Amino acid sequence: MLSAVVDLLCCPVCRAPFECADRTLWCTGGHSFDISKQGYVSLLGGGGAVFVRTPPRCSVPEQDS
Ligand SMILES: [Zn+2]
């Protein structure tokens, strides 16, 4: 269902493609978006809608270029 359209989506933060895992969409850039019980996922950025999966010792790519 959602996996049928996940290939059409991209991360609004870094524009990376998504992967679907359990009830979460992960982008290859490490951003995650929770899938609600109703089966929808909010891709709205800004505020607390975006969760970055970054291990403490993982270096974050510079974004100032
Ligand atoms: Zn991303």
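The peptide list 6-12, 36-42, put in order of mean Cβ contacts within 10 Å with the highest first, becomes 6-12, 36-42. Extension gain for Ser42-Ala21 works out to 6.0 nm (0.36 nm per residue, less the C-alpha to C-alpha distance).
Readers should treat all values here as calculations from the given coordinates under stated rules, not as data from a laboratory. This structure is a prediction, so every number in the text was calculated from the model and none was measured. Positions of Cβ are backbone-derived with ideal geometry, glycine not excepted, and every protein chain shown enters the neighbour counts.
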